[in-house]
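What follows is calculated from the coordinates using simple rules that are stated; it is not laboratory data. Predicted model, so just to flag it, every value in this text is computed and none were measured. For neighbour counting, all protein chains shown are included, and Cβ atoms are generated from backbone atoms with ideal geometry for every residue, glycine included.
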Amino acid sequence: MFVDVVKINIKAGNGGNGAVSFHREKYINAGGPNGGDGGKGGNIIFIGDSNLNTLIDFRYKKKFEAQNGEDGKSKNMSGKSALDLIIKVPMGTLIKDAKSEKIILDISDELPHIVAKGGRGGWGNSHFATATRQIPRFAKSGMICEGKEIILELKLIADVGLLGFPNVGKSTFLSIVSSAKPKIANYHFTTLSPNLGVVRISQGNSFVLADIPGIIEGASEGLGLGHKFLRHIDRCRLLVHIIDISESEGRNPIDDFNIINAELKSYSPNLSTRPQIVVGNKSDIANDEHEIKKFKDFVSDLGYEFYLISAATRQGIDKLMSKIVQKLSELPPIAIYESEFEEIIETSHKREVEITIKDNTFTVEGDWLKPVLFSVNYDDYESLQYFQRVLKNTGVLKSLEQAGINDGDFVDIYGYEFEYNK
């Protein structure tokens, strides 16, 4: 099954929490803090794999989570950092933000790409020791990573894309010029998914050819296979438009040419201006020389080069392939989409909080607050001071003021209550 668009959820690993610990050894008094740091959470890494050509592996598995970093330990021992989660996708896969549909990354090579960074580990209490604070009874929690919904959209990487109505001979053409073995039959929509073939001209000289399932008039309204697969010629540097010059199915070549190009323009005005070579196929069974010349003159007047071939008998194939190679040498390389995000997905604490008010009690909620509360020692004055600084620096106190809190009102943060005073 060919799958080229899926939605999945990814989440990088949380950072491990720092440890609160003190040196304890016989005959040594007040050994001091020795809590270790938390380990780093695992990254989410995407890698292009040339052996894959569909996103079917993501059809049923939708959730991918990297491991969390280990918490710090006593004796200044840091927690173990988590392994990265590596996800392999076909070459040419776009990673988009599901909400905005902006491009995060274009996976068009076999290099590792970090899409979501793992959280940093929290500091152990040994970091908070100073000359005036020699017994810190608190540590810093690890950085929490938020989950993210993304879209994987496959746009096949091919140099040349084959266009044309169903049953005009695109699959036959692909099969004789490349090592691809597409299904070939004498009925419409034999090809139900794009086929790729590598065309080898000489040693070290080759290009990739994509057979795009036939579009028909009304594809933009969903008829036939619609525009479902046209995304796979978005990257193509050159289009080869194959026409049934024999009129074996009772269609007029000029009408076919105009219809396909109109549908192409309906899908993407930019794609419709891509360099295009027009190929008249099935010349071996074409009997009307006048109609062939009429069509050739028509496309030539529009500025297109025309080649007459028979894919079945290989007539004219070598001349056409030489022209394709020459044309590709003059064109810029395959397009790689630029990221529309300034940075990869952030994994730092989300600072947003939700405040509800009932009977002069302001209830504050925010997932990032939970590990902060966990790291607070409520019996230690310095630890409470640290917690207060966190509330101030992250804007929680400002949000409470904007919500209308007054001196003497109560604040409830996941069961921890205190009286508010400026």
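Between region 31-45 and region 108-160, the C-alpha centres lie 12 angstrom from each other. In this simple spin-label model, placing a label point 7 Å from the Cα along the Cα-to-Cβ direction at both ASN258 and PHE22 gives a separation of 9.1 nm.
Let's test the formula: R0 of 60 Å, r as the Cβ-Cβ distance of ASP380 and ARG251. What FRET efficiency results, to the nearest 0.05? Efficiency computed from Cβ-Cβ geometry: 0.10. Computed from point charges on the beta carbon alone (+1 for Lys and Arg, -1 for Asp and Glu), the dipole magnitude for the chain about its Cα centre is near 1280 Debye. Normalised by the number of residues in region 1-154, the mean separation of alpha-carbon contacts (under 8 Å, six or more apart) gives a relative contact order of 37 percent. Once you place label points 7 Å from the Cα toward the Cβ at PHE410 and GLU330, how far apart are they in nm? Going by the 7 Å Cα→Cβ label model, 8.1 nm.
With a cut-off of 14 Å between beta carbons, the residues surrounding GLY121 carry a summed charge of +3, where Lys and Arg count +1 and Asp and Glu -1.
Hey, what D do you get for region 1-154 in µm²/s if you plug the Kirkwood alpha-carbon radius into Stokes-Einstein at 37 °C and 0.692 mPa s? Calculated translational D: 191 µm²/s.
Taking the Cβ-Cβ separation of HIS290 and ASP318 as r and a Förster radius of 25 Å, what is the calculated FRET efficiency to the nearest 0.05? It comes out at approximately 0.40. Taking the Cβ of PHE306 as the centre, find all other residues whose Cβ is under 12 Å away and add up their charges (Lys, Arg: +1; Asp, Glu: -1). Net of charged neighbours comes to +2. Ordering SER126, ASN421, ASN377 by Cα displacement along the dipole of the chain toward the positive end leaves SER126 in first place; charges were set at the Cβ atoms of Lys, Arg (+1) and Asp, Glu (-1). Annotation: the residues LYS140, LYS327, sorted from fewest to most other C-beta atoms within 10 Å of their own C-beta, follow the order LYS327, LYS140. When the chain is treated as a Gaussian network with alpha carbon springs shorter than 10 Å, the biggest mean-square fluctuation among HIS113, HIS290, HIS127 belongs to HIS290. Computed over Cα pairs, the Kirkwood radius of region 15-58 leads via Stokes-Einstein (1.567 mPa s, 4 °C) to a diffusion coefficient of 86 µm² per second. When Rg and the Kirkwood radius Rh are both evaluated on Cα atoms of region 354-419, their ratio Rg/Rh stands at 0.94. Volume per residue of the convex hull around the Cα atoms, evaluated for the chain, comes out as 202 Å³. Counting only DSSP beta bridges whose two residues both lie in region 354-419, roughly 70 percent are antiparallel.
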